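The values are calculated or read from the model by the stated rules, or taken from the named source; none is laboratory data. These numbers were taken from a predicted model, which means no experiment stands behind them. As a convention, Cβ positions derive from the backbone with ideal geometry for all residues, glycine included, and neighbour counts pool all protein chains shown. Ligands, DNA and RNA are stripped out before the accessible areas are found, and what is left, the full protein with its side chains, is counted by its heavy atoms. Shrake-Rupley method; radii C 1.70, N 1.55, O 1.52, S 1.80 Å.
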Amino acid sequence: MRKKLYTNYITRHIQTYSPIYSFIMVLFVMGIIFGAVIVNSLSIAQKEDLFHYLNHFFGQVADGKTGQAEDLLKLSFFHNVKFTGLMWVLGISIIGFPLILILLFLKGVVVGFSVGFLVNQMGWNGLLLAFVTLLPQNLLFIPVYIFIAVISTAFSIKLMRKIFIRQGFSFHFVPEFARYFLSFIAAMAVITLAASIEAFIAPALMKSIIASIAK
């Protein structure tokens, strides 16, 4: 019964905010494409410098010098909570939703650049490395980014409509804010799971792939 209610809630949520979801997802994909395009605009010297640092990092991973998993977990968790928290706060600021869109676009640029650079420099090995080291946690992180961007944008629009239109628009701040707050708490739970994958699973996968590539 609970599972059915949860599924129905998600379905209603997506249907209610489907226009915003569509726009946000297109914006994020555009960011990924833009990030991949940036790779091709780098000079040869810039690519060599970045690849040098990347090789140094891969060497540390191969030697097991990536730091304690607990430290990686904390770093990933707080980084992503701060990022999504900033979008959440901007949603309350009424006029902050343009910045929410910019932040999400930039996150897409980072993802696109990361994958694009690995593929550009390492070919199929880079694609495989990106697949096993970036995909697992981002299967959770990216939906959370999109979810927070959607609810923050929607909440900001509701506040603006209430302030500037007032008549003909029903908006009860306390229950709406309570749902808004609980949504962020739920997002933090997913972030915790994704950060755990990034800290405990991704390094092991990366180490095994680097070892197989080096053979």
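Quick notes on this structure:
- Test: residue in the stretch 39-60 that is of a type in the set (Val, Ile, Thr), on the phi < 0 side of the Ramachandran plot and modelled with pLDDT of 70 or more: yes
- Where a residue in the stretch 163-179 is farther than 16 Å from SER152 by Cα and its partner, wherever it lies, is at pLDDT 70 or above and open to solvent by 100 Å² or more (accessible area, probe 1.4 Å), with Cβ under 7 Å and at least six apart: PHE169/ARG161
- Some residue of the stretch 176-184 being open to solvent by 20 Å² or more (accessible area, probe 1.4 Å), over 21 Å from ASN80 (Cβ atoms), modelled with pLDDT under 80 and out of contact with any Gly (no Cβ under 6 Å at 6 or more places or on another chain): no
- Residues in the stretch 162-174 include at least one that is over 19 Å from VAL144 (Cα atoms), modelled with pLDDT of 75 or more and either within 21 Å of the chain's Cα centre (by Cα) or assigned to a helix (DSSP H, G or I) (or both).
- Single residue of the stretch 99-146 satisfying the filter (among the aromatic types (Phe, Trp, Tyr) and open to solvent by 40 Å² or more (accessible area, probe 1.4 Å)) that is nearest to SER41 (Cα to Cα): PHE113
- Residues that are open to solvent by 60 Å² or more (accessible area, probe 1.4 Å) and under 20 Å from SER156 (Cβ atoms), drawn from the stretch 16-34: THR16, PRO19, SER22, PHE23, MET25, VAL26
- Some residue of the stretch 193-202 being closer than 28 Å to VAL150 by Cβ and surrounded by fewer than 17 Cβ atoms within 10 Å (Cβ to Cβ): yes
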